[in-house]
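The values are calculated or read from the model by the stated rules, or taken from the named source; none is laboratory data. All values derive from a computational prediction rather than experimental measurement. Heads up, the Cβs are rebuilt from the backbone with ideal geometry, glycines too, and the neighbour counts pull from every protein chain shown. When the accessible area is computed, the model is the full protein with side chains, heavy atoms only, and any ligands, DNA or RNA have been set aside. Shrake-Rupley method; radii C 1.70, N 1.55, O 1.52, S 1.80 Å.
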Amino acid sequence: MKKTPLIKTGLPGPRAKKLIKLDKTYVSPSYTRVYPLVAEKAEGLWVYDVDGNVFLDFTAGIAVNATGHCHPQVVKAIQTQAGKLLHMSGTDFYYTPQILLAEKLTSLAPGKGKKRVYFGNSGAEAVEAAFKLARWHTKRELNIAFFGGFHGRTMGALSLTASKTVQKKYYNPFVPGITHIPYAYCYRCAYNLSYPQCELFCVRWVEDTLFRTTMPPEEVAAIFVEPIQGEGGYIVPPPEFHQEMHKIARKYGILYVADEVQSGMGRTGKMFAMEHFGVEADIFALAKGIASGLPLGAMISSAEIMNWEAGSHASTFGGNPLSCQAAMATIDLLEKKLMKNASEQGRRLMEGLCHLQKIYVCMGDVRGKGLMVGVELVKDRETKLPAADWRAQIIKKTFEKGLLLLGCGENSIRFCPALNVTSAEIDTCLSIFEEAVNQIVG
Ligand SMILES: Cc1ncc(COP(=O)(O)O)c(C=O)c1O
């Protein structure tokens, strides 16, 4: 029988209400909960709240539960490891899961030659490590990142982030030497040009203007870029964007750092999203989906680049044995079936949303790769006036109907379910989403 969401209380239900009251008393108010979901347990794509309501999860805990909630193979790997060794600190000691995972990740990362892996606990730590390694290796002080880019919230990563001012307000001064430039967000080109007639002006501008005026290229350590912008709005750049930007980086000895924290680990139908663009980045940052929900960040580069000395960077918990085993189980599942499923179901989701876009003019842009799909909502197709209020109302409405979605960018909705989503679950998501759009916007 087809499984559907089941909402049997008002939302939040009575137990959820009590817990949210406690949360508001004791937990940091810096978190951004957009609806009152209090999760109790979950399985596959289905989340059960503390009042017994059942939700279809198209957020995957912000693109983390790559293999679905509590995949038995992942749970078993964690349980087995938990009985053997919980922690020893890969910083000062050796243990098998970290070594074997490093070997596996280096075999998966694009690019020939010997590679190495640094382990941390999160996306921000993977980016932070990349930031430090780029400085250490090049001995250069300047860096380039992109408007709309999100790289995390520790001070180094936050200095690279240019997503929303609320994330940066009152935290100045940031790490100096970072210049933010426009991303290839063709739906809203910063230069008011159209692709492909623009001939990638946004890339040429770096060499023709930036490097000739304010930024000596020989002082630039790295370009930090998301293959597909995540928090910025699930923005897919034109196919040759990364290749052209990468060429400029090569020309001046600048490292190309691919932040694959959200787009990596099979989400787009390829293990690394950069593979869609045919670019072998110098450094890759991974986290989120890598361990299906256990905290893990990884930074991968060639052995030649990762030549820093003992003591130059480390983390007590980074590459924890449980997380490493969860990652090995995750990768096994991705390689055997789920990456292929991400491509296939991603196509179904995209086709469904493109069909709805023909009916609902508020769906200004539908874009994505694999199961990293975004819908940008606008008040009017011509003016493209952002419809942030409709976005918020639609997400709230789908929640009330038992579908979990999240926003991204100023006015977009992201669809990032687990990679083992089924056709039936895609169809359920599409029909609830349509009902919500219809009821909110008409
Ligand atoms: C592309 C990207 N980089 C870095 C991060 C930071 O990851 P974390 O929240 O695990 O520190 C995120 C989180 O959303 C991200 O999407």
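Only one entry in S122, S28 is at pLDDT 95 or above, touching a Gly at 6+ places or on another chain (Cβ under 6 Å), within 25 Å of G230 (Cα to Cα) and among the hydroxyl-bearing types (S, T, Y), namely S122. Residues that are among the hydroxyl-bearing types (S, T, Y), open to solvent by 70 Å² or more (accessible area, probe 1.4 Å) and in a loop (DSSP other than H, G, I, E, B) within region 195-239 comprise Y195, T214, listed in sequence order.
Look at region 210-234: where a residue is free of Cβ contacts under 8 Å to residues at least 40 places away in the same chain and a partner is away from the ligand (no atom under 14 Å from the Cβ) and part of a loop (DSSP other than H, G, I, E, B), sitting 6+ places away or on another chain with Cβ atoms under 6 Å, you get P217/Y252.
Here region 224-241 is the region considered, the condition is being within 17 Å of F415 (Cα to Cα) and of a type in the set (A, V, I, L, M), and the residue that is nearest to the ligand (Cβ to nearest atom) is I228. Residues in region 41-57 that are in contact with a Phe, Trp or Tyr (Cβ under 6 Å, 6 or more places away or on another chain) and either under 12 Å from P5 (Cα atoms) or part of a helix (DSSP H, G or I) (or both): V47, V54.
For region 411-442, the set of residues classified as among the acidic types (D, E) and either buried (at least 18 other Cβ atoms within 10 Å of the Cβ) or under 23 Å from the mean Cα position of the chain (by Cα) (or both) consists of E425 only. Given the residues A157, A126, A102, A109, which is the only one that is within 11 Å of the ligand (Cβ to nearest atom), touching a strand residue (DSSP E or B) at 6+ places or on another chain (Cβ under 8 Å) and under 30 Å from A329 (Cβ atoms)? Going through A157, A126, A102, A109 in turn, just one is within 11 Å of the ligand (Cβ to nearest atom), touching a strand residue (DSSP E or B) at 6+ places or on another chain (Cβ under 8 Å) and under 30 Å from A329 (Cβ atoms): A126. The set of residues in region 98-121 that are open to solvent by less than 40 Å² (accessible area, probe 1.4 Å), closer than 22 Å to M88 by Cα and either free of Cβ contacts under 8 Å to residues at least 12 places away in the same chain or among the small types (G, A, S) (or both) comprises A102, G120. Of all residues in region 162-175, at least one satisfies being of a type in the set (G, A, S) and within 23 Å of the chain's Cα centre (by Cα).
Under the condition of being open to solvent by less than 40 Å² (accessible area, probe 1.4 Å), on the phi < 0 side of the Ramachandran plot and outside any helix (DSSP H, G or I), the residues counted in region 127-149 number 6.
Of everything in region 86-97 that is in a loop (DSSP other than H, G, I, E, B) and open to solvent by less than 40 Å² (accessible area, probe 1.4 Å), the residue that is farthest from the ligand (Cβ to nearest atom) is Y95. Within region 315-328, the set of residues being crowded, with 16+ Cβ neighbours inside 10 Å and not in a helix (DSSP H, G or I) comprises S315, F317, G318, G319, N320.
For every residue, the table says whether it meets (1) touching a Cys at 6+ places or on another chain (Cβ under 9 Å); (2) open to solvent by less than 10 Å² (accessible area, probe 1.4 Å); (3) at negative phi.
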site: L371; (1), (2), (3): yes, yes, yes
site: V378; (1), (2), (3): yes, yes, yes
site: R381; (1), (2), (3): yes, no, yes
site: A387; (1), (2), (3): yes, yes, yes
site: R391; (1), (2), (3): no, no, yes
site: K396; (1), (2), (3): no, no, yes
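Let's see how each residue does on (1) away from the ligand (no atom under 16 Å from the Cβ); (2) open to solvent by 10 Å² or more (accessible area, probe 1.4 Å); (3) part of a loop (DSSP other than H, G, I, E, B); (4) modelled with pLDDT of 95 or more:
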{"position": "R250", "(1), (2), (3), (4)": "yes, yes, no, yes"}
{"position": "Q262", "(1), (2), (3), (4)": "no, yes, yes, yes"}
{"position": "M265", "(1), (2), (3), (4)": "no, no, yes, yes"}
{"position": "E275", "(1), (2), (3), (4)": "yes, yes, no, yes"}
{"position": "S301", "(1), (2), (3), (4)": "yes, no, no, yes"}
{"position": "G311", "(1), (2), (3), (4)": "yes, yes, yes, yes"}
{"position": "K337", "(1), (2), (3), (4)": "yes, yes, no, yes"}
{"position": "Q345", "(1), (2), (3), (4)": "yes, yes, no, yes"}
{"position": "L353", "(1), (2), (3), (4)": "yes, no, no, yes"}
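Would you confirm whether any residue within region 130-146 is touching a helix residue (DSSP H, G or I) at 6+ places or on another chain (Cβ under 6 Å) and within 7 Å of the ligand (Cβ to nearest atom)? Checked region 130-146: no residue is touching a helix residue (DSSP H, G or I) at 6+ places or on another chain (Cβ under 6 Å) and within 7 Å of the ligand (Cβ to nearest atom). Checking region 71-91 against the condition returns a match, with at least one residue being under 29 Å from A424 (Cα atoms) and either modelled with pLDDT under 95 or under 22 Å from the mean Cα position of the chain (by Cα) (or both). Here C408 clears all of (1) within 21 Å of L37 (Cα to Cα); (2) surrounded by 19 or more Cβ atoms within 10 Å (Cβ to Cβ); (3) in contact with a helix residue (DSSP H, G or I) (Cβ under 9 Å, 6 or more places away or on another chain) except the condition numbered (3). Cβ separations smaller than 8 Å between residues 6+ apart or across chains give the following pairs from region 275-293 residues that are over 17 Å from A418 (Cβ atoms) to residues that are at pLDDT 95 or above and of a type in the set (F, W, Y): F277/F241; V279/Y256; A281/Y256; D282/Y256; I283/Y256; F284/F272.
Within region 152-174, the set of residues being among the aliphatic types (A, V, I, L, M) and touching a residue at least 40 places away in the same chain (Cβ under 8 Å) comprises just one member, L160.
Return yes or no: is M245 at pLDDT 95 or above and within 16 Å of the ligand (Cβ to nearest atom)? Against the criterion (at pLDDT 95 or above and within 16 Å of the ligand (Cβ to nearest atom)), M245 does not qualify.
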